[in-house]
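Below is one structure, written out as structure tokens, with a few remarks after it.
What follows draws every value from the coordinates through simple rules; no lab data is involved. From a predicted model like this one, the values you see are computed outputs, not experimental measurements. Counting neighbours? That spans all protein chains shown, and the Cβs are built from the backbone with ideal geometry, glycine included.
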Amino acid sequence: MPSFDIVSEVDGHEVRNAVEQANKEVSSRFDFKGSDARVEQSELILTVYADDDFKLEQVLDVLRTKLTKRKIDVRCLERGELEKVSGNKVKQVVTVRTGLETALSKKIVKLLKESKLKVQTSIQGDSLRVSGGKKDILQEAIQLVKKTIADYPLQYQNFRD
């Protein structure tokens, strides 16, 4: 029976490379001279430091540019609360989301059931397996999910006949 998996994955090595490139650019830019602006990484949790809100947004913009160049979808970034550190300095935690959250998986399952496409779905941990009678129906399911879920980066893998 034809099937495919819906997943949301990010290459951790590419994230690390993008963070290193962003730090290198921030340290060499004139508008950050004498600033403590930087990005620190712990697995898939990034902490962005800057002197003020404006510079924090500039560092985040540089980071997004470097991630995009390394083919990482920036929709996987989830920004946390803006925190004041010492004095006027600020920091923000940015989480790189991977895997399908349960709520999103249930939303996709409900969407496919309501569409009346003849497919079966099963939640498998942080991925979703969709199977159906013909590959044309599966391709319709992919197009429906792509059109409906636009705020979360999804990949479609293991398409089997």
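Quick notes on this structure:
- Scan of the range 74-96 for residues that are touching a residue at least 40 places away in the same chain (Cβ under 8 Å) and either more than 16 Å from residue 44 (Cα to Cα) or loosely packed, with under 15 Cβ neighbours inside 10 Å (or both), ordered by number: 75, 89, 90, 91, 95
- The residue list 39, 19, 59, 26 contains one member that is over 29 Å from residue 154 (Cα atoms), crowded, with 18+ Cβ neighbours inside 10 Å and among the β-branched types (Val, Ile, Thr), which is 26.
Yes or no, residue by residue, for (1) within 29 Å of residue 146 (Cβ to Cβ); (2) touching a Leu at 6+ places or on another chain (Cβ under 9 Å); (3) part of a strand (DSSP E or B):
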position	(1), (2), (3)
5	yes, yes, yes
15	yes, yes, no
18	yes, yes, no
39	no, yes, yes
61	yes, no, no
67	yes, yes, no
72	yes, no, no
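- Take the conditions (1) surrounded by 15 or more Cβ atoms within 10 Å (Cβ to Cβ); (2) closer than 18 Å to residue 8 by Cα; (3) β-branched (Val, Ile, Thr); residue 137 misses just one of them, which is (2).
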